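Engineer: I am attaching a structure below and will ask some questions about it afterwards.
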Protein chains: 2
Amino acid sequence: MRDVARAAGVSTMTVSRAFKDDRSVSAETRARIRAQADQMGYIYDSLATAFRTQKSGFLAVTLPSINNANFAETYRGLTQALEGSGMQMLLGATGYRVEKEEELVRQLLTRNPEALVLTGGHHTVGTRDLIAARDLPVVEMWDLPFRPLGHAVGFSNADAMALVVRHLAETGRKRLAFVGAAEGADSRGAERRAGAAAEARRLGLPDVVSIDAGEAPVSMRHGAATVERFGIEIRQFDALICVSDPVAFGALSACRRLGLAVPDDLAISGFGNFEVAQISEPQITTVDVGARRIGEEVAGLLDALFSGDTVPDQITVAAKLIRGATT
Amino acid sequence: MRDVARAAGVSTMTVSRAFKDDRSVSAETRARIRAQADQMGYIYDSLATAFRTQKSGFLAVTLPSINNANFAETYRGLTQALEGSGMQMLLGATGYRVEKEEELVRQLLTRNPEALVLTGGHHTVGTRDLIAARDLPVVEMWDLPFRPLGHAVGFSNADAMALVVRHLAETGRKRLAFVGAAEGADSRGAERRAGAAAEARRLGLPDVVSIDAGEAPVSMRHGAATVERFGIEIRQFDALICVSDPVAFGALSACRRLGLAVPDDLAISGFGNFEVAQISEPQITTVDVGARRIGEEVAGLLDALFSGDTVPDQITVAAKLIRGATT
DNA sequence: ACATCGAATGATACCGGTAACATGTTATCC
DNA sequence: GGATAACATGTTACCGGTATCATTCGATGT
């Protein structure tokens with residue numbers, strides 16, 4: 001920059017202003033500086049700017065996995081809504097593990113992000129301490145956290161799952177099983193499991209049987225393997241409540257291989273309104289949670305926050321049952 | 001850092017050394033400093049480090065979309081293999097458009113990444129100029145570029161698709177159609193289309209009919225919509241070569257709705273070995289391109305590059321036909 | 001006893017921009 | 001015409017670490 005300034009016969013400050021489109025620089029001077037810079041191949045170093053202004057222009061985001069159409073969609077909603085704000089995303093995947101999340105947060109914080117967006121409402125004490133030690137806007141999304149760190153955008157997994165159970169009850173199903181990841185790792189899955197159990201109890205149905213489909217993240221292959229493990233015995237249930245659409249799709253495929261009729265022999269429901277649920281034949285009954293909408297709401301909240309506007313502590317997006325042909 | 005130094009009774013330089021595991025700091029002093037820092041919730045500012053050392057610790061990566069299990073898997077392979085190297089990914093999605101890629105590259109370059117990883121081998125002149133103006137390691141992945149910018153890790157889309165055509169020919173299919181995105185946007189899709197056409201010609205088959213499934217990215221719904229548009233008339237073909245597994249899955253579902261038997265009435269092939277191809281019933285014939293492997297190879301190449309080792313200009317990963325029950 | 005050396009630590013300048021304030025210069029107004 | 005405001009540009013210090021060189025001090029060798 002000094003070289004450009006010298007060559008253009010001005011001070012570095014004027015060059016800096018010329019690049020920031022500061023209107024206090026005369027159009028003529030700006031043009032001269034820009035031309036000189038182009039000619040010299042000068043490229044502006046936003047690292048130095050970030051350093052001096054102590055504004056990194058980074059937004060740190062953690063997702064359980066990017067290899068999940070739902071979370072990817074949320075991320076897209078977030079990035080697209082924030083496009084033009086000049087924010088650069090720093091993305092990290094926790095692999096559904098809070099310990100990994102802590103490590104990730106620690107790493108992300110060294111980059112001085114201007115805000116932190118976490119998926120989920122469960123965190124290690126270490127993560128909480130790291131965040132508490134800084135004065136940093138935090139948004140938790142997807143889950144509505146029991147003990148919020150800052151702002152939250154999401155829905156109640158338990159309530160959403162209750163919609164499914166109610167629907168199954170209304171269509172005469174009684175012997176329900178929940179298929180999801182083993183206890184522990186996936187808090188969203190655990191909440192859905194608990195929500196299904198609670199709603200069944202409330203409706204006076206028999207207890208929901210909990211089937212462990214493996215370690216999180218559970219996906220299509222886990223859904224298929226779970227049904228295949230039971231074989232024809234899976235008919236001891238009359239509905240499989242799957243923790244997500246991919247699991248439901250796997251279960252559906254396995255049923256087809258076993259010669260079981262869905263939904264006549266067995267109802268299957270998913271969660272998340274993934275594309276596969278819509279396109280599958282038969283179409284899978286699912287819950288739309290507005291994955292994209294969550295991202296957009298987070299973006300809106302952050303925008304307001306950066307503008308200094310007051311923002312609500314919590315935004316609830318509505319979950320909606322989408323009835324397919326598997327129930 | 002000054003505060004930590006003061007509290008620990010040492011200079012900032014010693015604190016800096018303690019955090020870098022510099023062995024010239026006595027173990028005792030390091031422990032004291034670390035403890036003091038933890039207690040004070042101090043996190044070192046890697047922005048300042050990046051600034052002073054002129055090494056950003058960033059690796060810029062562009063993907064067409066993160067909402068694609070194949071690219072997401074490559075990204076995972078890359079990040080996991082680079083974990084521990086202290087590199088932080090800067091991820092951007094091009095939406096399958098080279099103009100958007102240019103904008104993205106411009107933005108990413110202001111962050112001073114230490115290397116740039118691009119998906120695909122087709123770029124705007126502007127992108128090429130931006131890169132040429134800097135002395136920056138570049139890796140193109142997935143496609144093997146015709147005019148490489150630097151290093152490349154990938155496979156030949158045309159050759160991979162030829163495997164599919166050969167397989168279809170061997171199983172007696174003659175009236176082939178290729179289902180993919182409209183011409184232009186998706187270069188990988190275009191190469192697959194061209195590869196299929198070339199191989200059919202080579203084998204003396206009738207010309208492959210090209211069916212436009214919509215704007216990239218094409219996915220399940222496009223596959224389904226394409227078949228539904230033809231209705232039963234889709235039987236004028238005896239094999240649908242789909243640009244990707246999601247498209248193939250959509251086509252398969254639509255066939256089921258139409259009452260068409262796959263593969264008896266119509267063969268369907270996909271591409272990419274997505275989970276849905278494996279779990280679908282019937283399992284979809286596809287091509288495994290080692291999406292994860294690509295990411296790992298890129299990571300290995302970068303590692304070597306950063307260590308100053310010599311590295312090959314190009315690494316070819318093998319594409320493999322996986323025969324399912326749809327052909 | 002004295003020179004030499006290595007280990008541990010400190011002092012200082014500096015990375016490339018920009019905030020804050022200062023200064024000079026030109027319109028505007030009564 | 002002189003005061004004032006608006007505009008255009010310059011000066012200086014500083015953001016939070018780290019490269020580099022300097023310093024201290026005990027151990028070792030002759």
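Engineer: Rounded to whole Å, give me the distance from the Cα center of segment A:232-257 to that of segment B:150-210.
Structural biologist: Centre-to-centre distance over Cα atoms comes out at 36 Å.
Engineer: How many angstrom separate the Cα center of segment B:64-109 from the Cα center of segment A:68-147?
Structural biologist: 18
Engineer: Could you tally the net charge around A:Ala81, taking each other residue with its Cβ under 12 Å from the Cβ of A:Ala81, Lys/Arg +1 and Asp/Glu -1?
Structural biologist: Once all neighbours under 12 Å are counted, the net charge is -1.
Engineer: Please report, for A:Ala225, the nm distances (one decimal) from its label point, 7 Å out from Cα along the beta-carbon direction, to the equivalent points in the remaining copies, shortest first.
Structural biologist: A:Ala225 label point versus its equivalents elsewhere: 3.6 nm.
Engineer: Within the set of other residues whose C-beta is less than 14 Å from the C-beta of A:Val317, count the net charge using Lys and Arg as +1 and Asp and Glu as -1.
Structural biologist: -4
Engineer: Once you average over the residues of A:131-138, how many Cβ atoms of partner chains fall within 10 Å of each Cβ?
Structural biologist: The mean count of partner-chain Cβ atoms within 10 Å per residue comes to 1.
Engineer: Now, a different point. Using the beta-carbon distance between B:Arg166 and B:Glu99 and R0 = 35 Å, what value does 1/(1 + (r/R0)^6) give for FRET efficiency, to the nearest 0.05?
Structural biologist: 0.45
Engineer: Stokes-Einstein at 20 °C, 1.002 mPa s, Kirkwood radius from Cα pairs: D for segment B:156-282 in µm² s⁻¹?
Structural biologist: Translational diffusion coefficient: 152 µm²/s.
Engineer: Taking only Cα atoms, what is the 0 to 90° angle, nearest 10, from helix A:291-306's long axis to the longest principal axis of chain A?
Structural biologist: The two axes meet at around 30 degrees.
Engineer: From the label point of B:Phe146, set 7 Å along Cα to the beta carbon, how far off in nm is each other copy's matching point, shortest first?
Structural biologist: 6.0
Engineer: Between B:Arg229 and B:Ala133, what is the FRET efficiency for a Förster distance of 41 Å, r being their Cβ-Cβ separation, to the nearest 0.05?
Structural biologist: Once the sixth-power term is evaluated, E becomes 0.30.
Engineer: Given 37 °C and 0.692 mPa s, how large is the Stokes-Einstein diffusion coefficient of the protein assembly as shown in µm²/s, with Rh as the Kirkwood radius over Cα pairs?
Structural biologist: Values: Rh = 27.0 Å.
The estimated diffusion coefficient comes to 122 µm²/s.
Engineer: Moving on to the next point. Within 10 Å of each Cβ in peptide A:63-69, how many partner chain Cβ atoms are there on average? Round it to a whole number, please.
Structural biologist: 5
Engineer: Along Cα→Cβ at 7 Å, what distances in nm separate the B:Glu170 label point from those on the other copies, shortest first?
Structural biologist: Spacings between copies for this position, smallest first, are 5.3 nm.
Engineer: Here's a follow-up. On a C-alpha basis, how far is the centre of segment A:36-52 from the centre of segment A:4-25 in Å? Whole number, if you could?
Structural biologist: Between the Cα centre of segment A:36-52 and that of segment A:4-25, the gap is 11 Å.
Engineer: Of the listed pairs A:Lys20/B:Lys55; A:Lys20/B:Lys20; B:Lys174/B:Lys320; A:Lys100/A:Lys320, which have alpha-carbon separations greater than 26 Å here? Present the calculation step by step, with values, prior to reporting the outcome.
Structural biologist: Details: A:Lys20/B:Lys55 24 Å; A:Lys20/B:Lys20 36 Å; B:Lys174/B:Lys320 22 Å; A:Lys100/A:Lys320 31 Å.
As for pairs spanning more than 26 Å Cα to Cα, those are A:Lys20/B:Lys20; A:Lys100/A:Lys320.
Engineer: What is the residue of chain B with the smallest Cβ distance to the axis taking B onto A, and what is that distance in whole Å?
Structural biologist: Residue nearest the B-to-A axis, with distance in whole Å: B:Phe51, 2.
Engineer: Between B:Val125 and B:Gln314, what's the calculated FRET efficiency when r is the beta-carbon distance and R0 is 22 Å? Round to 0.05.
Structural biologist: Rounded to the nearest 0.05, the efficiency is 0.45.
Engineer: Farthest toward the dipole's positive end in chain B, which of B:Val276, B:Ala225, B:Leu321, given Cβ charges of +1 (Lys, Arg) and -1 (Asp, Glu) about the Cα centre?
Structural biologist: Among B:Val276, B:Ala225, B:Leu321, the one farthest towards the positive end of the dipole of chain B is B:Val276.
Engineer: Grab the alpha carbons of segment B:209-327, take their convex hull, and tell me the volume per residue in Å³.
Structural biologist: Details: hull volume 13.3 nm³, N = 119.
Looking at segment B:209-327, the number lands at 112 Å³ per residue.
Engineer: With label points built 7 Å along Cα→Cβ from the Cα atoms of A:Asp38 and B:Arg6, find their separation and express it in nm.
Structural biologist: 5.0
Engineer: Just to be sure I understand the model, the point goes 7 Å from the Cα along the line to the Cβ. What's the resulting B:Ser24 to A:Glu183 distance in nm?
Structural biologist: Result for the modelled spin labels: 5.4 nm.
Engineer: Compute the length gained on full extension between A:Lys55 and A:Ala261: take 0.36 nm times their separation in residues and subtract their Cα-Cα distance, giving the result in nm to one decimal.
Structural biologist: Working: separation 206, 0.36 × 206 = 74.16 nm, distance 5.85 nm.
Difference between extended and current length: 68.3 nm.
Engineer: Additional query: Using only Cα atoms, tell me the angle between helix A:220-230 and the longest principal axis of chain A; keep it within 0 to 90° and round to the nearest 10.
Structural biologist: Around 20 degrees separate the two axes.
Engineer: Calculate, axis by axis, the spread of Cα positions in chain A along the three principal axes, and write the results as whole Å, longest axis first.
Structural biologist: 85, 38, 30
Each reported figure results from applying straightforward, stated rules to the coordinates on display, with no laboratory input. Source: prediction; values computed, not measured. Please note: Cβ atoms are built from the backbone with ideal geometry, for glycine as well, and neighbour counts cover all protein chains shown.
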